[in-house]
Amino acid sequence: MKLDFLFILNIVLFGVGKAMDAFSISLANGLYAPDMQKSRALRIAGTFGLFQLVMPLTGWICIHTIAEAFQAFQRLIPWIALALLLLIGGKMVLEGIRNREEKKEPAHGWNLFLQGVATSIDALSVGFAIAEYRFPLALLESGIIGAVTFVLCLFGIRLGKKVGTGLSGKATILGGMILILIGIEVFVTGLIG
């Protein structure tokens, strides 16, 4: 595999495609917490970027070590993503409907971890696409995907914060609905192919 401009551009564009779920959830997080501090936004984007870096490498390692077990697990990926995003999104919608005054940020602790897993679990299958690469090239591709995800997530949070301020109390419901729709989209796409 030749490392040139077109190869890098292809990886960046692929990274944009892989980052869309994380971008959308970052948008929802920004909607939910329009007063979010920069450090929290960096933590959220960093978590999503890290998961998008680690998951393809994990897939690559699985292909080179335990390919048969990984192929059996791949059928569960859409189900896992759907369950995680329905859980988090459903909680947000319920909180928005109940109009709770004290909101817990969904992108914190365990919820942030679950969001990271749910948005990047399909990136395990990228390991199949990069299986013929040597490890340094697989690491480079995963790193670029992670960096693209980080940047897009920061933009998503910022955009969500701007829109969320204008939406007031309805932002929680909208953010939860976005998570649910992403879960359904990941599920349907995973089942179809």
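Within region 74-95, residues that are within 25 Å of Pro56 (Cβ to Cβ) have Cβ atoms under 6 Å from residues that are open to solvent by 70 Å² or more (accessible area, probe 1.4 Å) in these pairs: Pro78/Leu191, counting only partners at least 6 apart in sequence or on another chain.
Within region 1-38, being surrounded by 13 or more Cβ atoms within 10 Å (Cβ to Cβ) and part of a loop (DSSP other than H, G, I, E, B) holds for Ala33, Pro34, Met36. Give the residues of region 22-36 that are within 11 Å of the chain's Cα centre (by Cα) and among the polar types (S, T, N, Q), sorted by residue number. Of everything in region 22-36, those that are within 11 Å of the chain's Cα centre (by Cα) and among the polar types (S, T, N, Q) turn out to be Ser24, Ser26. Listed by first and then second residue, the pairs with beta-carbon distance under 8 Å, at least 6 apart or on different chains, first residue in region 177-193 and open to solvent by 90 Å² or more (accessible area, probe 1.4 Å), second assigned to a helix (DSSP H, G or I) and of a type in the set (S, T, N, Q), form an empty list.
It is to be established whether one or more residues within region 37-48 are at pLDDT below 80 and within 14 Å of the chain's Cα centre (by Cα). Taking every residue of region 37-48 in turn, none turns out to be at pLDDT below 80 and within 14 Å of the chain's Cα centre (by Cα).
Determine the pairs where a residue that is more than 11 Å from Val54 (Cα to Cα) and in contact (Cβ under 8 Å) with a residue 24 or more places away in the chain, located within region 111-130, has a partner that is assigned to a loop (DSSP other than H, G, I, E, B) and open to solvent by 10 Å² or more (accessible area, probe 1.4 Å) with Cβ atoms under 9 Å apart, the partner being 6 or more residues away or on another chain. Partner pairs satisfying both residue conditions: Leu112/Glu105. May I ask you to verify whether Asp4 is free of Cβ contacts under 8 Å to residues at least 40 places away in the same chain and either acidic (Asp, Glu) or at positive phi (or both)? Answer is yes for this residue. Answer with yes or no whether Thr58 is among the hydroxyl-bearing types (Ser, Thr, Tyr), buried (at least 20 other Cβ atoms within 10 Å of the Cβ), assigned to a helix (DSSP H, G or I) and modelled with pLDDT of 85 or more. No.
The values are calculated or read from the model by the stated rules, or taken from the named source; none is laboratory data. Since this is a predicted model, take the numbers as computed values, not measurements. A quick note on method: Cβ atoms are made from the backbone with ideal geometry, for glycine too, and the neighbour counts reach across all protein chains shown. SASA here: full protein model, heavy atoms, side chains in, ligands and nucleic acids out. Shrake-Rupley method; radii C 1.70, N 1.55, O 1.52, S 1.80 Å.
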